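The values are calculated or read from the model by the stated rules, or taken from the named source; none is laboratory data. Just so it is clear, the model here is predicted, and its values are computed rather than measured. Here the Cβ positions follow ideal geometry from the backbone for every residue, glycine too, while neighbour counts run over all protein chains shown. Areas reflect the complete protein model, heavy atoms only, side chains present, ligands, DNA and RNA absent. Shrake-Rupley method; radii C 1.70, N 1.55, O 1.52, S 1.80 Å.
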Amino acid sequence: MPRTISTSLIEARNLRVYFYVKKGALGKRGIVKAVDGVDLVIEERGIVTLVGESGCGKTTLGKTVAGLLKPTSGEILFRGKSITRMNRKEYMEYRRSVQIVHQDPYASLNPTKTVFQTLSYPLMRWKLVRGRAEAEEKVKELLRLVGLTPPEEFMRKYPHQLSGGQRQRVVIARAISVNPSLVVADEPITMIDVSLRLGILDLLLKLREELGTAYLFITHDFGAARYFSAKGGGVIAVMYLGKIVEIGPAEEIIQHPLHPYTKALIDAVPVPDPEISRKKRMPPLRSLDIPSPLSPPPGCKFHTRCPDAMPVCAEKEPPLVEVRPGHYVACWLYAK
Ligand code: SF4
């Protein structure tokens, strides 16, 4: 994609995050290219939904965007400035502005702290309130925002006294307490009860309306991606073994998916009507197993599973090309 001076909230440029790990019984060193040359733009108040199976690198990308992991190469720009060239004040502002909501609301909260202690800590740390009285008022406001009412009751509770959905609401309240510009929501509904999932997605979308927060929404479930994007718009990016293989406006990707992997993810979403389900089936994948990220296949990394694979696919990696306006795909079916 063309390079320009960035005016976006976040821009990742040719981002690579590699991990060096022991490989095999002999303990030889191997490299996992968790993120391998990713370009990604998140606009102010925008939504980017990142979809892919477990192990495709999407959590690593989310953590790197949030400043929790250091890139091996490439750069991240926050409001046009590379985070590696920031002074301490600018870097702290970036870290406050990008918050993360992790997948597991059970592990995300300290079991020995009440909800008030959990939520008042970042307010004090970032000097957003002065004194306990102001902290109490702000915590009540946050609890009302995330639908935990009456707030006086929830403030006194410990995590074990809350349901999974209520805990995730506390985690979201903590993330938004410091007025972030971007929330990286990493599989925020995976570990909570199915009946509560849409409520959490609706809450995230409501907060965007009220607070103007941008999202990097990470999910393995195309059904969740479709729900979030249908209501919030934005961009869908599909990731496979460290690379973005398809990206474009959400509605465009949902209506006109091009990459065989995207089609397989869409195909995996259950449809209540068996007749529609039968008609929409794509040819089955050649393998259900994701190749080891320690020794990914050459050429197109999806070729060992792709029902449309051709000889060229095993030899050369397809470039990411624009096939329809704003809609990019990395697949030899579309590249010249
Ligand atoms: Fe399938 Fe080839 Fe396209 Fe890869 S490049 S997705 S193997 S058709």
For the chain, what is the accessible area per residue in Å², given a 1.4 Å probe and the full set of protein chains?
49 Å²
Using a cut-off of 12 Å between beta-carbons, work out the net charge of the residues near CYS313 (Lys and Arg +1, Asp and Glu -1, CYS313 not included).
+1
Calculate, in nm to one decimal, what LYS316 and ARG29 gain on full extension: separation in residues at 0.36 nm each, minus their alpha carbon distance.
100.8 nm
Region 42-184 - percent of accessible surface contributed by carbon and sulfur, probe 1.4 Å:
48 percent
If you wrap a convex hull around the alpha carbons of the chain, what volume per residue comes out, as a whole number of Å³?
161 Å³
What fraction of the Cα pairs in region 114-181, stated in percent, has a spacing above 13 angstrom?
58 percent
Point-charge dipole on Cβ atoms (K/R +1, D/E -1) for the chain, about Cα centre, debye to 20
1100 debye
Dividing the mean separation of Cα pairs under 8 Å (6+ apart) by the residue count of region 1-149 yields a relative contact order in percent of 22 percent
Note the full-extension length gain between TYR121 and GLU44 as 0.36 nm times their separation in residues minus their Cα-Cα distance, in nm to one decimal.
25.1 nm
So what is the relative contact order for the chain, in percent, with contacts set as C-alpha pairs under 8 Å and at least six apart?
19 percent
Full extension between LEU333 and ARG156 adds, at 0.36 nm per residue less the Cα distance, a length in nm of 57.9 nm
Global form of region 138-211, assessed from the alpha-carbon gyration tensor, a/c cut-off 1.5
oblate
Taking just the C-alpha trace of region 110-263, give me its Rg and Dmax in Å.
17.4, 56
Can you compute the modelled spin-label distance between VAL21 and LYS113, with each label point 7 Å from Cα toward Cβ, in nm?
3.0 nm
Inter-centroid distance (Cα atoms) of region 296-320 relative to region 172-224, Å:
34 Å
So what is the calculated 222 nm ellipticity per residue for the chain, using -39500 (n - 2.57) for each DSSP H run with n of 4 or more, over all residues, to the nearest 500 deg cm²/dmol?
-10000 deg cm²/dmol
In region 96-251, lysine pairs closer than 29 Å at Cα, eight or more apart or cross-chain
18
Between VAL194 and GLU93, the two model label points (7 Å from Cα along the beta-carbon direction) sit apart by a distance in nm of 4.7 nm
How large is ³J(HN,Hα) for each residue in region 310-325, as worked out from phi by the Karplus curve 6.51 cos²θ - 1.76 cosθ + 1.60 (θ = phi - 60°), to whole Hz, x for Gly and Pro?
10, x, 4, 4, 7, 9, 10, 7, x, x, 7, 10, 7, 9, 10, x
Taking the alpha-carbon distance from LYS81 and a cut-off under 19 Å, which lysines remain once sequence neighbours fewer than 8 residues away in the same chain are dropped?
LYS63, LYS70, LYS89
For the chain, what proportion of DSSP beta bridges, expressed in % and rounded to the nearest 5, is antiparallel?
65 percent
Enumerate the helices in the chain for which the Kyte-Doolittle hydropathy averages 0.5 or more and the C-alpha atoms extend at least 20 Å along the helix's axis, using complete DSSP H runs.
194-211
Sorting TYR215, TYR20, TYR334 on solvent-accessible surface, 1.4 Å probe, most exposed first, gives TYR20, TYR334, TYR215
